[in-house]
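No lab work stands behind these numbers, since they all come straight from the coordinates. As the structure is a computational prediction, the values presented were derived from the model and not from experiment. In this analysis, Cβ positions are derived from the backbone assuming ideal geometry, glycine residues included, and neighbour counts consider all displayed protein chains.
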Amino acid sequence: MSFEVRFCTNCATALAPISLEEDGGAKTRLRCPACGWTHWGNPTPVLAAVIELVDRDGQLLLARNAAWPGKFFGLITGFMEAGESPKEGIAREVKEETSLTAESVSLIGAYEFLRMNQVIIAYHVAARGEIRLSPELIDYRTIAPEKVKCWPAGTGYALADWLRSRGIEPQYMELPPGKRATEVDVD
């Protein structure tokens, strides 16, 4: 879920781009002209899982989000909830979205996703169980790690790093000019 901040959370005045001196230079940010409140616009942390199915010969699980156009399959992603660690958050997301139980969770790395103003914290999740998708997801695929094609965006780079850690040189899908991975049919 994404939204645009347009009003001050303190006094409900419409925000305006206002330039102030910060950290040794002028920064223009959305600020409240009435009370001075600043909307920082900091990136949102997003959790992502490279799910390895331990009870299916190490196949990877890729899923298709109901909100995505085309037939793109990607990693399970979600937001942390208050009071949980990133590791707990991704194990919960995997359970909520796929019904799989995480047996182990290990950090792959952190990746920028500038288009969405997000920082992706990616984990390898070894999981097992019967796959039952939440309404958020409409389809899934299992694929051998050596056959998966990565995409040129945040979670695709995380998948590529995980593959390299397993001695597999990643292959990238080719996108048509001007297209994003979620706009492309991947079969």
- request: Counting only C-alpha contacts under 8 Å and six or more residues apart, can you give the relative contact order of the range 7-93 as a whole percent?
  value: 19 percent
Distance in nm between pseudo-label sites at K149 and A14 (7 Å out along the Cβ direction from Cα): 4.7 nm
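What list do you get for E136, E4 if you sort them by fewest beta carbons within 10 Å?
On the way: E136 14, E4 7.
Ordered by Cβ neighbours within 10 Å, fewest first: E4, E136.
Ignoring chymotrypsin sites (Phe, Trp or Tyr not before Pro) that are buried or in helix or strand per DSSP, and keeping those with at most 16 other beta carbon atoms within 10 Å, what is the longest stretch of the chain between them? Intermediate results must be reported in sequence, preceding the final value.
Values: sites that count: F3, W37, W40, F79.
With chymotrypsin sites (Phe, Trp or Tyr not before Pro) excluded where exposed in loops, the chain gives 80-187 as its longest stretch.
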query: Which stretch or stretches of the range 115-158 have amide N atoms under 17 Å from the point lying 7 Å from E81's Cα along the Cα→Cβ direction?
result: 134-136
message: Using Cα-Cα distances under 8 Å and only pairs 6 or more residues apart, what relative contact order does the chain have, in percent?
response: 21 percent
- prompt: How big is the charge dipole of the range 1-41 about its Cα centre, in debye rounded to the nearest 20, if each Lys and Arg gets +1 on its Cβ and each Asp and Glu gets -1 on its Cβ?
  reply: 140 debye
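Per DSSP H run of at least 4 residues, take -39500 (n - 2.57); add these up for the chain, divide by its residues and hand me the 222 nm value, nearest 500 deg cm²/dmol. Don't jump to the answer; show the numbers that get you there.
On the way: 2 runs with 25 residues, N = 187.
Helix-only estimate at 222 nm: -4000 deg cm²/dmol.
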Candidate values (1) 363; (2) 145; (3) 160, label of the one derived for volume of the Cα convex hull per residue in Å³: (3)
query: In sequence order, what are the phi-derived ³J(HN,Hα) couplings for the range 104-110 according to the Karplus relation 6.51 cos²θ - 1.76 cosθ + 1.60 with θ = phi - 60°, rounded to whole Hz, with x for glycine and proline?
result: 8, 9, 9, 5, 9, x, 10
task: Could you name the aspartates and glutamates whose alpha carbon sits less than 13 Å from that of K147, not counting residues in the same chain fewer than 8 places away?
output: E169, D187
task: In debye, nearest 20, what is the charge dipole magnitude of the chain about its Cα centre with +1 on Lys and Arg Cβ and -1 on Asp and Glu Cβ, if you could check?
output: 320 debye
